[in-house]
C-alpha cells in the first residue's frame, strides 16, 4: 500500500590494491539489498530522521543509490592480498612476499652515532 519493496542480491568482483604490499587484490563481493520505494502521491510515515525515503519516479525505480550504499558498506576497510601479507620493506620498499629472506645489514641511524661510541667505550673497559 505504501510503495514497492525491492529486495535482491547483487554479486560482483572487487579489484583493488593490498594495503600492506600494494599488490593486486581480487575478491568476490555479494551484497543483499532491501529498500522500500514509496509512491509519489503516498505519504510515508518516517520514524527516524536518518531514514531516506526513496520514491518511484515516472513509474521507474532507480536502484543505483541503494546498490551503491550496500556495496560501499560491504567493502573491506583494509583489503589485503592474503591474511599473512608481510608488506613492504621499511628501508627499501621491496615486496617481502617475493623475497622472504630479505634483510639489510645493521643500519645505524646517524643521529645516534655519538651515543653508540659511548656504549662501545664502556664495553672495552
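Descriptive notes on the structure:
- Summarising the label geometry, the points placed 7 Å from Cα in the beta-carbon direction at residue 99 and residue 15 lie 2.9 nm from one another.
- Extension gain, residue 89 back to residue 4 (0.36 nm per residue minus Cα-Cα distance, nm): 25.2 nm
- Counting all C-alpha pairs of the range 71-118, share separated by more than 13 Å (%): 71
- Relative contact order of the range 2-106, pairs being alpha-carbon contacts under 8 Å that are 6 or more residues apart, as %: 28
- Gyration tensor (alpha-carbon) shape descriptor, the range 3-74, a/c threshold 1.5: prolate
Where a number appears in this text, it was derived from the coordinates with a stated rule and is not lab data. What you see is a predicted model, and the numbers here were worked out from it, not measured in a lab. Methodologically, a virtual Cβ is constructed for each residue, glycine included, from the backbone with ideal geometry; neighbour enumeration extends over all protein chains shown.
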